[in-house]
Amino acid sequence: MTLVLDYLLVLGAIYAAMLAVYFGTGFTLIAINRRHPERRIQKHRDGMKRQREEILASLKALFTSSVLLSGGYFAQTQGWVLFPPVDLSWWSFPLMFAVCFVLFDAWFYWGHRILHLPALYKFHVPHHRSIAPTVWSNDSSTTVDTLIEHSFYFVVWFVLPVPALSVFALRLFDQISGMVGHSGFEYFASKSSRYPSPLICTTFHDLHHSQFHYNYGNFFSFWDRVCGTVHPKYDQLVRSMEETGEVPDTEDTKVKATG
């Protein structure tokens, strides 16, 4: 019984932290976006009419994510893992953060691709009802969707000697960058977010929501480029924003789906 209570305290603390980050990031981005309407990506659509539905779905999805993250962390604290964590130091924190960063991006890409298969798409389609995504869309997912994409946060503790802070930092970065990536407003398009750089900007994932069959990656475009699922006009769009300083309407980028 003591173990159960200890775990519930960990779960409650992590869920509270996730909610604080979710609402804090969301309201901050909305305030910024209202001051810069010219940065809207899909100029002909406004997804904010779905915000109540998205927030309610997000409360459930964030709880599922909290169960996964807290379950893995608690297992590590009890020694129920293959390897004890390396001591936290100036080198172990960034090293394990980077390792988890790269591995999670691969996990997310393939989990996301699987969710687009006909047999599983019904669990992912609620997320895609947000054709013009907003800051609240990032976690607007079903339980199955969240389990597939976020089980990494449960598994990683068992198979890698990760310091807890490295995984928590990854989850924090993933949450904030995911909400920025769903915000529907572009501020980060630059040479660093197009080929040959593997990094991406908000337009990358926005194209996935408006056209569905491209840009499955989370942090990088690497797997999309290797597997041929990157939107064929993505780099052109980013270059255009670099040269003009303006955000073009992505309605003009529609192409026939290839995968």
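Please treat every number below as a calculation from the coordinates, not as lab data. The model shown is predicted, which means the values in this text are computed figures rather than measured ones. Cβ: placed from backbone, ideal geometry, glycine included. Neighbour counts: every protein chain shown.
A dipole drawn for region 2-253 from +1 and -1 charges on Cβ atoms has a positive end, and of VAL230, MET96, THR28 the residue lying farthest that way is THR28. Please tell me the relative contact order of region 144-259 in percent, rounded to the nearest whole number, where contacts are Cα pairs under 8 Å and at least six residues apart. It comes to 19 percent, rounded to a whole number. With contacts taken as Cα pairs under 8 Å and at least 6 residues apart, the chain reaches a relative contact order of 25 percent. Gain on full extension, evaluated as 0.36 nm per residue between ALA75 and ARG239 minus their Cα-Cα distance, stands at 54.4 nm. Using only side-chain charges placed at the Cβ, +1 for Lys and Arg and -1 for Asp and Glu, the dipole size of region 192-243 relative to its Cα centre rounds to 100 debye. Under the convention that each Lys and Arg Cβ holds +1 and each Asp and Glu Cβ holds -1, the size of the dipole of region 78-202 around its Cα centre is about 280 debye. Distance from the C-alpha centroid of region 1-20 to that of region 76-149: 20 Å, rounded to the whole angstrom. With the highest mean first, a sort of the peptides 177-185, 52-60 on other beta-carbon atoms found within 10 angstrom per residue produces 177-185, 52-60. Using the Cβ-Cβ distance between THR2 and ARG35 with R0 = 35 Å, the FRET efficiency computed as 1/(1 + (r/R0)^6) comes to roughly 0.10.
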